[in-house]
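Only the coordinates and a few stated rules stand behind these numbers; no lab work does. All figures in this text were calculated on a predicted structure; none of them were measured in a lab. Cβ coordinates were reconstructed from backbone atoms using ideal geometry, including for glycine residues, and neighbour counts include every protein chain displayed.
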Amino acid sequence: MTDRARKSGPKEESLVRKVRLEPGKKVRLRDEDAGRRFGWEEDAARAATATLRGQLEALQHKFYADGRFALLVVLQAIDGGGKDSTIRHVMSAFNPQGCTVTSFKAPTTEESRHDYLWRIHRHTPARGEIAVFNRSHYEDVLIARVDELVPHEVWSARYQQINDFEQLLNAANTRIVKLFLHISRDEQKRRLQQRLDDSTKRWKFDLSDLKKRKQWDEYQAAYEAMLERCGTRHAPWHVIPADHKWLRDLAVAQILKDALSELPLRYPDVNFDPRSIRID
C-alpha cells in the first residue's frame, strides 16, 4: 500500500458493497463482526467523512431543487446502538429546511386505534424532502415479537405487509435507505455504563434498557429475521459494524452519498430567458 493510500484509506465504495445485505441472504449477527474496520483507520475515516458531509450538503441542495424524488432513511439498532449519534454526526449535513427526523416511541392512544403503519405513513417524505426515521415500522416486528405484544400470526404477517408498503413508497419515487447499526453486547454494556457515569448523558438512561439487555438473544433473533425477510431489491438493508463510531459514520455517509448520486438529479428549467432580464 502506498503512503497516499494509507492516508486516504481504502475505497469508500468497496465499504458500501461490504455492508449492503443481498436480499434473501441468511443473516447471523455475531459480536465479533460489530468491530470490523475493513482496513480503515480512525484518522483516515474521519477525514473521508468530513469530505462526504460536504458532498451530502451539495447533493441535498440539488435534490431539494429538483423536487421529483423523496428519500427515506430508516435507522434501526438495539439500545445504545448509536442512532442519535449517527443523526448528529452525519445527517446534520442536511439543511433542516428539507430534512425531518422522526423518533418513533410507544404508540399514542390515537395511533393505537389505527393500523400499525398509519403513524408511519404520515411521516414519510414528500418529493424533494429527506425523512430520517429513528426507529420505525420495524418496531412492529421487533418489540412486538419479543414482548409478545400481539399474537404470532399478527406480527409474522407484518414482514410481507412492510415489504408491500415499501414497494408502494418506491413506486412513488421514494428512495429507501435502511441502516442497521450492529454493536456487540460488550459495547452496549460500555455505552450504557457511560450514560450512568456521565451526568450530561444520564438523562438518556432508561431502566427498561436493562430489561431489554436481558432479552439480548431474543432481540438478535428478531433482528436477523427482520434483515432476512425485509431486504428487497428496491429497499435492501445495510448491516453496519458500529462498535467504532468513526467507521459507522463513514459507512452511513457513503451510503447516503451513493443513494443521492444515483438519482438523475437536475435543476429545474425556468420559464424565462435570464439574459433578457436586467436588474436595476
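Obtain the nm distance between the two label points defined at D280 and Q194 by a simple spin-label model: each point lies 7 Å from its Cα along the Cα-to-C-beta direction.
6.3 nm
How much length would be gained if the chain were fully extended between D115 and S261, taking 0.36 nm per residue of separation minus their Cα-Cα distance, in nm to one decimal? Walk me through the numbers before you get to the answer.
Numbers: separation 146, 0.36 × 146 = 52.56 nm, distance 3.47 nm.
Net length gain for the segment: 49.1 nm.
Can you compute the FRET efficiency between K62 and S85 using 1/(1 + (r/R0)^6), with r the Cβ-Cβ distance and R0 = 35 Å? Round to the nearest 0.05.
On the way: r = 27 Å, r/R0 = 0.77.
Given R0 = 35 Å and the Cβ-Cβ separation, E is 0.80.
For an R0 of 35 angstrom, estimate the FRET efficiency from the Cβ-Cβ distance between K18 and Q167 and round to the nearest 0.05. Intermediate results must be reported in sequence, preceding the final value.
Values: r = 26 Å, r/R0 = 0.75.
After rounding to 0.05, the efficiency reads 0.85.
Can you list, bin by bin at 10 Å, the percent of alpha carbon pairs in the chain, starting at 0?
The calculated distribution, bin by bin, is 6, 27, 34, 22, 7, 3, 1, 0.
List every residue whose amide H lies under 5 Å from the amide H of C99, counting only residues 5 or more places away in sequence or on a different chain, with H placed 1.01 Å from N in the peptide plane.
I130
What FRET efficiency, computed as 1/(1 + (r/R0)^6) with R0 = 51 Å and r the Cβ-Cβ distance, is obtained for E218 and N271, rounded to the nearest 0.05? Before the final figure, lay out the partial values.
On the way: r = 59 Å, r/R0 = 1.15.
Given R0 = 51 Å and the Cβ-Cβ separation, E is 0.30.
Quick one: compute the contact order of the chain, relative version, from alpha carbon pairs under 8 angstrom and 6+ residues apart, as a percent.
35 percent.
Can you return the aspartates and glutamates within cross-link range of K204? Criterion is Cα-Cα under 15 Å, with same-chain partners fewer than 8 residues away left out.
Candidates past the 8-residue exclusion: D79, D84.
Under 17 Å from the 7 Å Cα→Cβ point of R122, by amide nitrogen: which residues of the stretch 69-107?
From the stretch 69-107, the list is 100-107.
Report the label-to-label distance for A157 and D209 in nanometres (one decimal), using points 7 Å from each Cα along the Cα→Cβ vector.
Roughly 3.6 nm, to one decimal.
Please compare each pair in K11/K83; K83/K201; K25/K214; K105/K189 to a cut-off of 18 Å on the Cα-Cα distance and tell me which ones are over it. Display every interim value, and only then the final one.
On the way: K11/K83 25 Å; K83/K201 15 Å; K25/K214 28 Å; K105/K189 22 Å.
From K11/K83; K83/K201; K25/K214; K105/K189, over 18 Å: K11/K83; K25/K214; K105/K189.
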